[in-house]
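Colleague: Below you'll find the structure I mean.
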Amino acid sequence: MTDTTTATTAAETDATAPKAPITRLWAYARRHLRLLLIGGALSFAGGLVGLVQPLIAMDIIDTLAANESLTRPLVYLTAVVIVGGALSALGPYLMQIAGQDVVLTVRRQLIGRLVRLQVAEVDRLKPGDLVSRLTSDTNLLRTVASTTVIGGVTDAFMILGGIGLMAWLDPVLFGTTMAMVLMVTVMMLFIMPRIQNATVDSQKALGDMGSLLERVFSAFRTVKASGAEAHEIGRLDGAATTARDKGVKASFWEALAGVAAFMPVNIAFLMVLGVGGARVASGAMAIGTLIGFLLLLFYLMGPIGGLVASLSQLQTGLAAVHRIEEVASLDSEEPETAPRRSDRTGPAQVAFNDVTFRYGEDLPFVHHGVTFASSGRGLTALVGPSGAGKTTVFSLIERFYPATTGQVLVDGVDVTEWPLEELRGVIGYVEQDAPVLDGTLRENLVMAAPNATEADLLDVVEVARLTELVGKLPEGLDSRVGYRGTTLSGGERQRVAIARALLRRPRLLLLDEATSQLDAANEAALKQVMLDAAERTNVLVVAHRLSTVTSADQIVVFDTGVVRAVGTHAELVEKDDLYRGLAASQLLTAA
Ligand code: ADP
Ligand code: MG
């Protein structure tokens, strides 16, 4: 196979999904077929060289007997041992490399898909299970894609050759044997899917185990504080036990497949002996043919056993493909190649135009026709009771989800028409729960702006009031923050998130209750940051403190999925009951 054909077939297989697992498996393996074939050929050659060894041994004995010089046969023997050894090591090694390459190809594909998954898909997925699909399931492909394929194909050829010879030797005995071959085939058709199903179940249990463990660690202190360790251990133990039971079940069917292959061959042996014996006695067949036939049958036992083992192994691979393809078929955001839309600078406008939205077909509407506009420079505060749909507004601007009807416009262009990467490049977003990722402070800050200079970095650290924190950490910006930033306080995490968003130099800054966990001094300082930013960019803030709200250029009051009023603080206190209530209770008391 040439390079060009490999490339085109690879492209074809990517474009057309879904396919039968066996087709997918073949598509994975095919790209590394050349290495696989070379490895297989070398292993085979190693075997052949091994065959020469007894011949040389005979030569040595003859030479000894003849009292001649041993040099020549000994040189041959050494050469054969070295070459044979090298080939027998190199061949399987190359096949293993091919197997690892297959796994790498599949993992790369999966990683690309997983990280680009749509938010809506991730809402209902379990990260632990995804991890196990990426690590454990792909690993199952390694053996299948290397030794199994080569071994299976060689065995299949040997069996076909043997059967052909049998047909040529004696049609009657051949018929007898074929009846047995048919029996083996039928039994395999029955057993093989069961191996596959048991393996899928076993791998699924492993995935469950991963999800359960991830679940525990994602709320570790709560689990401990709730005294729920025993309960959680019980659930994990259950998953581990299921994995074991299903694995045993797969082994049972594999063992049965072994028996199911040998029994009919043994029966065939006896029947050929009986039928053939009678035919020899009646003179219809020469004794030599019968012996040849029996020897052939005997010889075929090895390849038949090998083929059945390969087929069993193949089921494991197919089970893995099944679980891998489940992930591969999830919706992800395709990386776009569309050119940049504009080189606009300055604040980005945002407008919602009669937007309705629900998180799922079976879920109630969260937005029932939201309309508001924030036409540029300035501070727009979104307020309203919890659950009114404020965070959802930000999710729609970021295009984490598509609006059900209506339009979400940024710079007057529907977000669905923006190249995704560019849209998000315009925005700095501080989420409500201000996530911080494992890694150093620096990594957390520059993740949204990899090209930021050290000066920019120090600047946002200063602006977000992180200087003191950085100063007291042993390694400053290069200190690690722990899983989910667990070594930071809630307020510190919020400031890290704000610094990260600012470092991106956004044209649109979305702050979701970004100062909710800050003390009065820090809050006042960050309010100033917000106002400064509002000079240069468009700032939308979900606010729950009066001090933020009173400084806003406009306030959008949300109530159960609709905008009930828009105005300044003074106007709204005047005209809107809900706002007046909020201002009096929630906003004021929280301030
Ligand atoms: P707010 O930020 O105003 O408190 P949200 O926009 O977060 O409210 O949520 C509005 C409604 O949408 C809530 O009833 C919430 O339960 C629901 N909701 C939020 N996120 C999701 C989600 N990912 N999947 C399903 N429902 C959600
Ligand atoms: Mg919210």
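The values are calculated or read from the model by the stated rules, or taken from the named source; none is laboratory data. Just so it is clear, the model here is predicted, and its values are computed rather than measured. Because the Cβ atoms are built from the backbone with ideal geometry, glycine has one as well, and the counts that use them run over all protein chains shown.
Colleague: Only residues in region 437-448 that are in the same structural domain as residue 506 (by TED's automatic domain parsing) count as the first member; pair them with residues that are of a type in the set (Phe, Trp, Tyr) and not in a helix (DSSP H, G or I), Cβ under 9 angstrom, at least 6 apart or cross-chain, and list the lot.
Modeller: Cβ pairs passing all conditions: 448/429.
Colleague: Which of the residues that make up region 415-456 are farther than 24 Å from residue 353 by Cα, among the hydrophobic types (A, V, I, L, M, F, W, C) and not in a loop (DSSP other than H, G, I, E, B)?
Modeller: Across region 415-456, the qualifying residues are 441, 445, 446, 455.
Colleague: Mind listing whichever residues of region 357-374 are in contact (Cβ under 8 Å) with a residue 60 or more places away in the chain, assigned to a loop (DSSP other than H, G, I, E, B) and over 14 Å from residue 561 (Cβ atoms)?
Modeller: Pass one, region 357-374, residues in contact (Cβ under 8 Å) with a residue 60 or more places away in the chain: 359-360, 365-372, 374.
When the remaining residues are screened for being assigned to a loop (DSSP other than H, G, I, E, B), the result is 359-360.
Within region 357-374, just 360 meets the criteria.
Colleague: Of the residues in region 360-389, how many are within 14 Å of ligand 2 (Cβ to nearest atom) and surrounded by 16 or more Cβ atoms within 10 Å (Cβ to Cβ)?
Modeller: 8
Colleague: Out of the residues in region 507-532 that are closer than 19 Å to residue 423 by Cα and out of contact with any Ser or Thr (no Cβ under 6 Å at 6 or more places or on another chain), state the one that is farthest from ligand 1 (Cβ to nearest atom). Outline the logic, then answer.
Modeller: Of all residues in region 507-532, those closer than 19 Å to residue 423 by Cα come to 507-512.
From the residues that got through so far, the ones that are out of contact with any Ser or Thr (no Cβ under 6 Å at 6 or more places or on another chain) too are 508, 510-511.
On the way: 508: 18, 510: 12, 511: 12 Å.
Filtering first and then ranking leaves 508.
Colleague: Would you be able to tell me the number of residues in region 553-572 that are at pLDDT 90 or above and either outside the structural domain of residue 533 (by TED's automatic domain parsing) or of a type in the set (A, V, I, L, M) (or both)?
Modeller: Number satisfying all stated conditions: 8.
Colleague: Within region 331-353, identify whether any single residue is assigned to a helix (DSSP H, G or I) and surrounded by 15 or more Cβ atoms within 10 Å (Cβ to Cβ), and answer yes or no. Even if it seems obvious, please write down each step before you answer.
Modeller: Step one: filter region 331-353 for residues assigned to a helix (DSSP H, G or I), giving none.
No: zero hits.
Colleague: Can we say residue 392 is within 16 Å of ligand 2 (Cβ to nearest atom), within 26 Å of residue 527 (Cβ to Cβ), part of a helix (DSSP H, G or I) and of a type in the set (Ser, Thr, Tyr)?
Modeller: Values: within 16 Å of ligand 2 (Cβ to nearest atom): yes; within 26 Å of residue 527 (Cβ to Cβ): yes; part of a helix (DSSP H, G or I): yes; of a type in the set (Ser, Thr, Tyr): yes.
It is true that residue 392 is within 16 Å of ligand 2 (Cβ to nearest atom), within 26 Å of residue 527 (Cβ to Cβ), part of a helix (DSSP H, G or I) and of a type in the set (Ser, Thr, Tyr).
Colleague: Further, regarding this structure: What are the residues in region 39-85 that are touching a helix residue (DSSP H, G or I) at 6+ places or on another chain (Cβ under 7 Å) and not in a helix (DSSP H, G or I), if any? Outline the logic, then answer.
Modeller: Our first condition is that a residue be touching a helix residue (DSSP H, G or I) at 6+ places or on another chain (Cβ under 7 Å); within region 39-85, this holds for 39-40, 42-43, 45-46, 49-50, 52-53, 56, 59-60, 63, 70, 73, 76-77, 80, 83-84.
If the condition is that a residue be touching a helix residue (DSSP H, G or I) at 6+ places or on another chain (Cβ under 7 Å) and not in a helix (DSSP H, G or I), then 70 is the only one that fits.
Colleague: List pairs: first in region 305-332 and more than 19 Å from residue 28 (Cα to Cα), second acidic (Asp, Glu), Cβ under 7 Å, 6+ apart or cross-chain?
Modeller: 306/155; 307/155; 331/121
Colleague: Across region 534-551, what is the number of residues that are modelled with pLDDT under 90, closer than 15 Å to residue 512 by Cβ and in contact with a strand residue (DSSP E or B) (Cβ under 9 Å, 6 or more places away or on another chain)?
Modeller: Residues in region 534-551 being modelled with pLDDT under 90, closer than 15 Å to residue 512 by Cβ and in contact with a strand residue (DSSP E or B) (Cβ under 9 Å, 6 or more places away or on another chain): 4 in total.
Colleague: Go through region 96-161 and tell me which helices (runs of 4 or more DSSP H), entirely inside it, have 3 or more residues that are at pLDDT 90 or above, more than 16 Å from ligand 1 (Cβ to nearest atom) and over 30 Å from residue 361 (Cα atoms).
Modeller: 138-143
Colleague: Does residue 210 satisfy being within 24 Å of residue 437 (Cβ to Cβ) and part of a helix (DSSP H, G or I)?
Modeller: So residue 210 fits the description; yes.
Colleague: Can you list residue pairs whose Cβ atoms sit under 9 Å apart, with the first residue in region 268-292 being within 16 Å of residue 165 (Cβ to Cβ) and in a helix (DSSP H, G or I) and the second being polar (S, T, N, Q) and modelled with pLDDT under 90? Count only pairs 6 or more apart in sequence or on different chains.
Modeller: Note: pairs meeting the criteria are 268/176; 268/177; 272/176; 272/177; 276/176; 276/289.
Colleague: Which numbered condition in (1) touching a helix residue (DSSP H, G or I) at 6+ places or on another chain (Cβ under 7 Å); (2) surrounded by fewer than 18 Cβ atoms within 10 Å (Cβ to Cβ); (3) modelled with pLDDT of 90 or more is the only one that residue 432 fails?
Modeller: All conditions pass for residue 432, except number (3).
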